[in-house]
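Have a look at the structure below before the remarks.
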Amino acid sequence: MEVFLILLPIFGGLLTFLIPKFNKSIGIITLILTLSLVISVASQLLAGGSYYHLLGGWGAPLGINLYVDGLSLVMLGLTALIATGAGIYAGKYFTHKQSLWFWPLWLFLIAGLNALFLSQDIFNFYVTLELIGLASAALTALSDTKEALRGAMRYLLVTLLGSLAYLLGVALLYHGFGSVDIVILSKRIESVPVAWAAMGLMSAGLLLKSALFPLHFWLPPAHASAPAPVSAILSALIIKASIYIQLRLWISLFLPLESFYFEIFFALLGSFAVVWGSVLALVQTRLKLLIAYSTVAQVGYLFIAFSLALGGISVAWSALVYLMLSHALAKSALFLVAGNLLHFHGHDRIVDLDRIAQRLPLSTTAFALAGVSIIGLPLSGGFIGKWFLLEASLKNNSWGITLVILLGGLLAAGYIFKVLGFTFTKAAVAQETKQIPLSMELVPLFFAIMAILLGFFATPMLALIHTGNPFGIIGATP
Amino acid sequence: MNTLIVYPLVGIGLFCIGLYALIMQPHLLRKLLAVNIMGSGVFLVLVSLGMSNTNAQQDPVPHAMIITGIVVAISATALALVFMIKIALKTGKAELSNPEEK
């Protein structure tokens, strides 16, 4: 079953390439089938707990193991949901010529992401990282403008650099401990220099890919110049993929190396990212750049949660996963709305937005709801995540972190309301506008509502996330 | 000194040279070559560390990894070359200059 999560999108991608006439319907059918596969995997997981799938019946030292637990399941579900929604959106968004390239790349990207979330060995992580890196760099360049090509090129070089550093780490770990399987490695790993070097290289590569301050320089140009559905998946999932690997590696491999200095390191970088990203988002004049800088800030929260979790505060793991989920949904809604406004006006300058609230009420609602979750106002997914994060920081007596979280929330409110304010006003210059198809308005609204609903279903979601005890906590439920 | 230690050291050296050039060189083709040199360095480390078990039996796993890595490197280079050519056609020079200047 799990194998088809990887094979089906690849097969569908090939079909969309071979039969370009029906690429949209083949693509959407493939995505919906993927979504239903995830649901069947979920039922299997809920029935029997976490489980392995041995590819071709070969066990770990020789073959490749796929592994499903609560954490990988929610990431798979998120991928399928956002890919399907953004895929429906993209069906209307792209011109015919662009859609010829979009669908094969999109489905390959989904296959890569699914493979990544199912992997359980460090070399497979490298391969899947490269798969999604290549597919997403090509997707970024789809709009074929000067900025998009430059953004894509910079993104490709950065992701190659990150992968090579990671691969060097894999080489060292394999040399030192004789395996690439995470379970086998976790039994053998010791605090020796080769493990330290590997940890440094792999973490550096992954931090570069997840755009943690000060390695975020490549993110805003790439995310802002990509087509809207691609920006959505870049911010929602591609960034999260490298953070997911980081989580898996630290939980099962590098915990013996853990020391207080790493907590300080991640907490400091995360706090800087929150403040720096939010302030830069606040001063942007273009909507897509504002949303891209907001992603830099949100990555900061994830690493603050990570540092607290490393310090042994188990509620921080829940905070981390909840922030990932709600940010992914809210941010893809924001990027899709930005795509609507760009399509509507032909530009995305914030001051020149012309009575959007009256003319595109659905998009404005989606933006406001997603904004609520990004700020972390009560009863949204973002609120639950931040609540856990605050709880963790108070438990750890880290008042500095508490302050940063609250400040980040205020700044986020600043940049969300800055945009919302301009949606009500009339622009100084008259502008030509284009009609927006209804489905392009409904998809972001759906994502935004999902981000809010996450806040209502916190208890069952957390039970699902902690199925199979992915974080190695004693007495799993929070 | 054991000759086997030379290879991984050379590999690390190549990695560092490539990293330096990737950051310092403005021209995209040079950046791309730098990435490829870094890749070769990593592959050299992989294969030479696999060799240093002095048994007669060679470990085949690093070889499989390198082949995968080479495939990835080729596809990435091809994609980057297309980007470079398109950038050069659109802007007149194959560089990632600041977006402020025209």
Exercise for the section: Mind telling me which of the residues A:Ala297, A:Ala281 ends up being at pLDDT 90 or above and either more than 29 Å from A:Ala83 (Cβ to Cβ) or in contact with a Leu (Cβ under 6 Å, 6 or more places away or on another chain) (or both)? Expected result: A:Ala281
Completion exercise
Among A:Thr140, A:Thr145, A:Thr159, the single one that is out of contact with any Lys or Arg (no Cβ under 7 Å at 6 or more places or on another chain), within 12 Å of chain B (Cβ to nearest Cβ), of a type in the set (Val, Ile, Thr) and buried (at least 22 other Cβ atoms within 10 Å of the Cβ) is A:Thr140
Practice task
Could you tell me whether region A:103-125 includes any residue that is within 30 Å of B:Ser97 (Cβ to Cβ) and away from every other protein chain (no Cβ under 12 Å)?
Solution key: yes
Handout entry: From A:Thr433, A:Thr425, A:Thr364, residue being surrounded by 22 or more Cβ atoms within 10 Å (Cβ to Cβ) and of a type in the set (Ser, Thr, Tyr)
Key = A:Thr364
Exercise for the section: Could you tell me whether A:Leu247 is within 14 Å of chain B (Cβ to nearest Cβ), of a type in the set (A, V, I, L, M, F, W, C) and over 18 Å from A:Thr159 (Cβ atoms)? Expected result: no
Problem - Residue under evaluation B:Gln57, criteria (1) away from chain A (no Cβ under 11 Å); (2) at pLDDT 90 or above; (3) loosely packed, with under 15 Cβ neighbours inside 10 Å, criterion not met - result: (2)
Handout entry: Test: B:Leu22 is within 25 Å of A:Leu173 (Cβ to Cβ), assigned to a helix (DSSP H, G or I), at pLDDT 90 or above and facing chain A (nearest Cβ under 9 Å)
Key = yes
Practice task
May I ask you to verify whether A:Gly176 is out of contact with any Phe, Trp or Tyr (no Cβ under 9 Å at 6 or more places or on another chain), over 20 Å from B:Leu28 (Cβ atoms) and within 10 Å of chain B (Cβ to nearest Cβ)?
Solution key: yes
Exercise for the section: Hey, could you check region B:73-83 for residues that are surrounded by fewer than 21 Cβ atoms within 10 Å (Cβ to Cβ) and hydrophobic (A, V, I, L, M, F, W, C) and say which is nearest to the other protein chains (Cβ to nearest Cβ)? Expected result: B:Leu79
Problem - The listed residue being of a type in the set (Gly, Ala, Ser) and either surrounded by fewer than 17 Cβ atoms within 10 Å (Cβ to Cβ) or part of a strand (DSSP E or B) (or both), out of A:Ser36, A:Ser72 - result: A:Ser36
Practice task
Among what's in region A:179-199 and is more than 16 Å from A:Ser252 (Cα to Cα) and within 13 Å of chain B (Cβ to nearest Cβ), pick the residue that is modelled with the highest pLDDT.
Solution key: A:Ala197
Practice task
May I ask you to list pairs of residues, at least six apart or on different chains, whose Cβ atoms are under 9 Å apart, with the first in region A:410-422 being on the phi > 0 side of the Ramachandran plot and in contact (Cβ under 8 Å) with a residue 24 or more places away in the chain and the second being small (Gly, Ala, Ser) and crowded, with 16+ Cβ neighbours inside 10 Å?
Solution key: none
Completion exercise
If we take region A:85-177, then helices (runs of 4 or more DSSP H) inside it with 1 or more residues that are acidic (Asp, Glu) are A:122-140, A:146-177
Practice task
Kindly provide the set of residues from region A:316-347 that are within 20 Å of A:Ser294 (Cβ to Cβ) and surrounded by fewer than 24 Cβ atoms within 10 Å (Cβ to Cβ), ordered by number.
Solution key: A:Leu342, A:His347
Handout entry: Candidates A:Leu66, A:Leu8, filtered to the one that is part of a helix (DSSP H, G or I), surrounded by 13 or more Cβ atoms within 10 Å (Cβ to Cβ) and not charged (D, E, K, R)
Key = A:Leu8
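The values are calculated or read from the model by the stated rules, or taken from the named source; none is laboratory data. On a predicted model such as this, the values are computed, not experimentally measured, just so you know. Reconstructed Cβ throughout: ideal geometry from the backbone, glycine too, with neighbour counts over all protein chains shown.
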